[in-house]
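This report concerns only the one structure given below.
The values are calculated or read from the model by the stated rules, or taken from the named source; none is laboratory data. All figures in this text were calculated on a predicted structure; none of them were measured in a lab. Here the Cβ positions follow ideal geometry from the backbone for every residue, glycine too, while neighbour counts run over all protein chains shown.
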C-alpha cells in the first residue's frame with residue numbers, strides 16, 4: 001500500500017497532497033478526502049490508508065495551503081474565516097485532475113468523502129462537479145452558509161448534486177444540528193436526490209477522529225465506517241453509475 005506526498009499547482013499556488021494507493025497496476029477506483037479543521041494530519045492520512053487497503057486510490061489535498069503561518073498557528077476554528085468556496089472548488093478539482101491524468105485510476109469511478117468542514121466540502125463538490133459517483137459527508141456543518149467570495153451556499157447548489165449521498169451525523173452535534181439534518185434531508189427529498197442519512201446516538205461532532213479522545217465515539221465510528229465502505233463499493237466498484 002504505497003503512500004506519498006505530491007505537490008500540485010493551483011492558480012499559481014503550490015498545494016501539498018497526500019496520496020495512498022493500492023498495490024497493483026489498476027485501474028483503481030478513487031476517493032478524494034476533504035479534511036477536517038485539523039488540516040492534513042494523522043487522522044486524514046489514516047483514512048486515506050484505510051481506503052487504499054480497501055482497493056481505492058485516496059488523495060487528501062491541503063485546502064489550507066493559502067493560509068499564512070500566523071493563521072495556522074492561531075485558533076483552529078479561526079482558519080475557516082479565511083476559506084473561500086471558489087478556492088476550495090479549485091483545490092478539489094486539481095486533486096480530481098491528478099487522478100484523471102493517472103492511468104492507474106479509473107476516472108469514471110471517483111467518489112468523495114469529508115469530515116467536519118470536509119463534510120461541507122463533500123456536499124459542495126457533489127453539487128458542482130459531476131465527476132463524483134458517490135459522496136459521503138461526515139458531520140459537515142455550515143452547509144447553509146457561503147464562504148468567502150461565494151454568493152451561494154452548498155445548500156443553495158443542492159440541485160446540482162448528481163450522485164448518491166450518504167451523510168453521517170452525530171445525534172448530539174450542534175453543527176450540523178438535528179434540525180439541520182431535517183432541513184438537509186427535506187431538501188434532498190424535495191429535489192429527488194438519492195440519499196441515506198444516519199444519526200448516531202450519544203455521538204457528537206468529530207466522532208470519527210480517533211486522535212481526539214474527548215470527541216471520538218467508538219460505537220458511532222464502528223457503525224458508520226462499514227456503511228461507508230459498502231456505499232463506496234456499491235457505487236465505485238460495481239457497474240458504472242448512469243445519470
Exercise. Determine if segment 60-75 includes at least one residue that is within 21 Å of residue 126 (Cβ to Cβ), surrounded by fewer than 20 Cβ atoms within 10 Å (Cβ to Cβ) and at pLDDT 95 or above.
Key: no
Practice problem: Specify which of the listed residues (176, 130) is surrounded by fewer than 15 Cβ atoms within 10 Å (Cβ to Cβ) and within 16 Å of the chain's Cα centre (by Cα). | Solution: 130
Quiz prompt | Subset of segment 1-36 [surrounded by fewer than 21 Cβ atoms within 10 Å (Cβ to Cβ), in a loop (DSSP other than H, G, I, E, B) and touching a residue at least 40 places away in the same chain (Cβ under 8 Å)] | solution = 1, 11, 25, 26, 27
Quiz item: Is it the case that segment 217-238 has a residue that's surrounded by 15 or more Cβ atoms within 10 Å (Cβ to Cβ) and assigned to a loop (DSSP other than H, G, I, E, B)?
Solution: yes
Self-check item: Failed item in (1) surrounded by 17 or more Cβ atoms within 10 Å (Cβ to Cβ); (2) in a loop (DSSP other than H, G, I, E, B); (3) in contact (Cβ under 8 Å) with a residue 40 or more places away in the chain, with residue 148 passing the rest
Solution: (1)
Quiz item: From 130, 176, 154, which residue is in contact with a strand residue (DSSP E or B) (Cβ under 8 Å, 6 or more places away or on another chain) and modelled with pLDDT of 95 or more?
Solution: 176
